[in-house]
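Asker: For reference, the structure I am asking about is given below.
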Amino acid sequence: MNETEYNEIDAIRATQLKALATGGDLALWAATFGEKADTAAMRFGRLCHACALLSDADLDAAFVLSPFADFRTKEAREWKAAQIEKGADICTEAEMQTARSVSDAFKLAAEREDADGWSSNDTEVSAVAEIAGGVKIKARADLLSTDRSILFDLKTTSSVMEAENQFWRLRYDIQAGLYALAFPAVREAKFIFVETSAPFRVAVISLTGEDLEEAKRTAQAYAIRAADLLKRNGSDRSAYAAEVANVETHRPLWIVDRFLDGV
C-alpha cells in the first residue's frame, strides 16, 4: 500500500489522537480538517525519513537537489515553482548529507536493538484494524522486525537529552499504543531519536510489557472519543470545544519569593 492509498483510508490515525490528547477537541479538528502546515523543520524531517526508508529511486522522485544557492533570480524562482508543481520537495546538498547521517544513525541503532535485517520490505508497512465499537484505525510503521514483534519509529530532535521528555510531552506513547493495536504481533515499540547535527547522538525510548498494554488502552480510549467527535460534529469547526483549561489554580510548590527575604 503506497502513501496515497494509505492517506485515502477513512480511519483514525495517531496524529489525530496526539492532537486530541495534547490540545483538546479543536486540535482534533485542526489535525483532521485544518490546513496542513509545512515548515522547514517538517520538510527536513521528511527528508530524514526518506533517506532511511525509501529506495534510491523513490528518494530521487520525492526530493530534488536545488542547483541554485538561493531563489532570488527569475530562473531560480521558475525552477522552484516547477518542482512544487510536480509535487517534489526541494533540498540542498548540505541538507541531503545531513539527512543521510541521521538515516545512518537510525539504521545502526535499529540493528543494535535487534531489528532482524534491513530491507525495503520491512519499511513503511501499513495496517488497518477495527477496535471496540467498530472504530477503524490505521497506522504506518517506519520499520518492523522480521517477526513483526518490534516496531521502530524515527524521530529527529535537536538534543537527545530531551528525548524522554519529548516522548511523553508529545504523547508518543499514544502513537505506540495505536501502532500496537494495528499490528497485533508487536510486543515492543522503540522510538529512536537522532540529533540533526553532528555527532548525531541517539536515544532509544522503549515501551514494552504493561507499559505498552496501558498505551494500547489509552490509544483505544482516545480513538473511540475522536471517532465520536468526528461523527457528531463533522467538519463544523464551531462544534468543537475550544476551551482546554478551566481550573481553580493554586500556588505551586516550586514558586519561591526569594527577593522578599528579610522584608
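Asker: Within segment 18-52, track down each residue that is within 14 Å of the chain's Cα centre (by Cα), closer than 24 Å to Phe106 by Cβ and buried (at least 19 other Cβ atoms within 10 Å of the Cβ).
Answerer: Once the filter is applied, which keeps residues that are within 14 Å of the chain's Cα centre (by Cα), closer than 24 Å to Phe106 by Cβ and buried (at least 19 other Cβ atoms within 10 Å of the Cβ), segment 18-52 yields Lys18, Leu47, Cys48, His49, Ala50.
Asker: For a quick check of your reading: which helices (runs of 4 or more DSSP H) sit entirely within segment 1-47 and have at least 2 residues that are touching a residue at least 12 places away in the same chain (Cβ under 8 Å) and touching a helix residue (DSSP H, G or I) at 6+ places or on another chain (Cβ under 7 Å)?
Answerer: Output list reads 14-23, 25-33.
Asker: Would you mind stating whether Ala81 is aliphatic (A, V, I, L, M), over 30 Å from Ala227 (Cβ atoms), without any contact (Cβ under 8 Å) to a residue 60 or more places away in the chain and in contact with a Phe, Trp or Tyr (Cβ under 6 Å, 6 or more places away or on another chain)?
Answerer: No.
Asker: I'm trying to understand the selection: among the residues of segment 53-76, which are surrounded by 14 or more Cβ atoms within 10 Å (Cβ to Cβ) and of a type outside the set (Ser, Thr, Tyr)?
Answerer: Within segment 53-76, Leu53, Leu54, Asp58, Leu59, Ala61, Ala62, Phe63, Val64, Phe68, Phe71, Ala76 qualify.
Asker: If you check every pair at least six apart or on different chains, which have Cβ atoms under 9 Å apart with a residue in segment 236-258 that is farther than 17 Å from Ala31 by Cβ first and a residue that is modelled with pLDDT under 95 and not in a loop (DSSP other than H, G, I, E, B) second?
Answerer: Close Cβ pairs (under 9 Å, with a partner that is modelled with pLDDT under 95 and not in a loop (DSSP other than H, G, I, E, B)) do not exist here.
Asker: Just for segment 94-112: of the residues that are over 13 Å from Ser145 (Cα atoms) and of a type outside the set (A, V, I, L, M), which one is modelled with the lowest pLDDT?
Answerer: Across segment 94-112, the extreme among qualifying residues is Glu95.
Asker: For the list (1) closer than 26 Å to Val204 by Cα; (2) under 19 Å from the mean Cα position of the chain (by Cα), I need the number of the one condition that Glu95 fails.
Answerer: (2)
Asker: Something else about it: Among (1) surrounded by 15 or more Cβ atoms within 10 Å (Cβ to Cβ); (2) modelled with pLDDT of 90 or more; (3) of a type in the set (D, E, K, R), there is one condition Asp10 misses while meeting the rest; what is its number?
Answerer: (1)
The values are calculated or read from the model by the stated rules, or taken from the named source; none is laboratory data. From a predicted model like this one, the values you see are computed outputs, not experimental measurements. Cβ atoms come from the backbone with ideal geometry, glycine included; neighbour counts cover every protein chain shown.
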